[in-house]
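Please read the structure below before turning to the comments.
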Amino acid sequence: MSQDRTSSSDTFTVTDNANGKSLDLPVLHGSVGPRVVDIRKFYGETGCFTYDPGFTSTGSCASKITFIDGDKGILLHRGYPIDQLAENCDFLEVAYLLLFGELPSRAEMDKFDHDITYHSMLNEQILRFYSGFRRDAHPMAVACGIVGALSAFYHDSLDFTDSFQRLVAETRLIAKMPTIIANAYKYSIGQPFNYPRNSLSYAANFLQMMFAVPCEPYEVNPVLARAMNRILILHADHEQNASTSTVRLAGSSGANPFACIAAGIASLWGPSHGGANEAVLNMLMQIGSKDRVGEFVKRAKDKEDPFRLMGFGHRVYKNYDPRAKIMQKTCHEVLDEMGRHDEPLLQIAVELERIALEDDYFVEKKLYPNVDFYSGIIFRAMGIPVSMFTALFALARTTGWVAQWMEMIADPDQKIGRPRQLYVGAPQRDYVPFDKR
Ligand code: CMC
């Protein structure tokens, strides 16, 4: 058994009431977390499929990267609690941890930092891809297109069976993503692209590429760079969510890494996932003032009304999202720095949080603010437009996607992903010609 899946004599017995037959299924134990029933032989032994839309009870892989205990509000990367990483690390230190399993030594850090820094430029030919997009294209559409197009460019790092090529692709993706995203923004506002500055940290360099203009010097504000560093860490990985599972599923067929990450970006875009930070801000603007919060909370509870409180609830966390707590603190630091504490949207957000946390509906359903609830307000205070919010999430999550993709490729148990289905369509029937229908 690979990936340290510890099997034991533990079994889980299922009985088929239709024929009275019982089947003992092996139980796997991870290092922490619930027991896992191994159903790989289930169909072969019983002739039945299992049914689990949305994978609410189904593990798709074994992983050593991230652990979440949603009931307790715990998030660990390689065993380290997210708050300790967010407080103490540079983003690239966390990236190294996610990719290689351990915190780097000083020498390992310097080498990794150097490798990422010296791959951050985009080939000039790639810069020309941008002009094919409309100026008002959504940055996520641009990101999908440019990242997918990298596979039409870097032919020397497409072979997923070659560990060196995988490493080169990983370095390129993490290094170039800030440049790709910042360029999408610059293109949308008609400003020239900025080249990466190697003397800056990953987060500070991204801010520089976003906001510098060639006609005047640009100094990165250290408070904003610290906040950006933290935001990147908080979004770096989150176990087998929709976009990560998409990356793994795309990669399971042997697709090249750039194509897999482009697939992840597409999956992240939806408002139930990474698109929620954009949706939160749009919702706060729609609410418009503190005294209308109650009206929107009422709408969110109404089953007839499709409106949901964006930034609330999570598939896994049934407690406060640990990332949201750190985000709340960062939000106040940024608003202090920018002198925007009277920001009306923040006041609406605070009122919304207060009412929702006291409301029986939200309390009973364990709907707490998630990471996206505050990130939008921080981005707005930094001067980042709403349409860029999800693209920033994609920038941070690229590291997690790459780490998960690398882990999947190295897993001897890896197979092409191929879910089964419960077919509820017409049984076999004969073709009817037009004149007989
Ligand atoms: N506002 C109002 N009601 C809600 C909300 C919400 N934000 N979220 C869930 N509910 C209700 C839902 O109507 C359902 O009620 P009932 O049991 O009476 O039918 C119950 O809570 C369970 O909801 P669900 O949709 O079955 O839960 P899920 O685990 O499938 O969905 C979710 C999780 C994140 C998609 C959902 O909570 C949601 O749509 N939240 C708003 C969007 C959002 O903030 N997404 C960001 C997620 S965090 C970032 C990331 O990791 O991508």
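The values are calculated or read from the model by the stated rules, or taken from the named source; none is laboratory data. Everything numeric in this text was worked out from a predicted model, so none of it was measured. For neighbour counting, all protein chains shown are included, and Cβ atoms are generated from backbone atoms with ideal geometry for every residue, glycine included. Remember, those area values only see protein heavy atoms, side chains included, never the ligands or the DNA or RNA. Shrake-Rupley method; radii C 1.70, N 1.55, O 1.52, S 1.80 Å.
What the table below lists for this structure:
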quantity	calculated
The stretch 267-293, subset away from the ligand (no atom under 13 Å from the Cβ) and small (Gly, Ala, Ser), residue surrounded by the most Cβ atoms within 10 Å (Cβ to Cβ)	288
Unique match (being at pLDDT 85 or above and more than 14 Å from the ligand (Cβ to nearest atom)) among 304, 351, 364, 343	351
Filter result (open to solvent by 90 Å² or more (accessible area, probe 1.4 Å) and either in contact with a strand residue (DSSP E or B) (Cβ under 8 Å, 6 or more places away or on another chain) or part of a helix (DSSP H, G or I) (or both)) within the stretch 296-309	298
Some residue of the stretch 255-264 being assigned to a helix (DSSP H, G or I), within 14 Å of the ligand (Cβ to nearest atom), modelled with pLDDT of 95 or more and closer than 30 Å to residue 64 by Cα	yes
Number of the exception - residue 327 against (1) within 13 Å of the ligand (Cβ to nearest atom); (2) assigned to a helix (DSSP H, G or I); (3) open to solvent by 30 Å² or more (accessible area, probe 1.4 Å)	(3)
Residue 319 vs. criteria under 30 Å from residue 145 (Cα atoms), open to solvent by 20 Å² or more (accessible area, probe 1.4 Å) and more than 11 Å from the ligand (Cβ to nearest atom)	no
Count of the stretch 70-92 residues which are farther than 21 Å from residue 30 by Cβ and either part of a loop (DSSP other than H, G, I, E, B) or open to solvent by 50 Å² or more (accessible area, probe 1.4 Å) (or both)	6
Output for the stretch 360-375, where each listed residue is at negative phi and assigned to a loop (DSSP other than H, G, I, E, B)	365, 367, 368, 370, 371
All positions within the stretch 195-225 that are open to solvent by 20 Å² or more (accessible area, probe 1.4 Å) and without any contact (Cβ under 8 Å) to a residue 60 or more places away in the chain	197, 199, 200, 213, 214, 215, 216, 217, 218, 219, 220, 222
Residue selected from the stretch 235-264 under the condition of a type in the set (Ser, Thr, Tyr) and more than 16 Å from the chain's Cα centre (by Cα), by the criterion least open to solvent (accessible area, probe 1.4 Å)	252
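Rundown of residues vs (1) within 22 Å of residue 384 (Cβ to Cβ); (2) more than 21 Å from the chain's Cα centre (by Cα); (3) within 16 Å of the ligand (Cβ to nearest atom), yes/no style:
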{"residue": "193", "(1), (2), (3)": "yes, yes, no"}
{"residue": "199", "(1), (2), (3)": "no, yes, no"}
{"residue": "220", "(1), (2), (3)": "yes, yes, no"}
{"residue": "229", "(1), (2), (3)": "yes, no, no"}
{"residue": "233", "(1), (2), (3)": "yes, no, yes"}
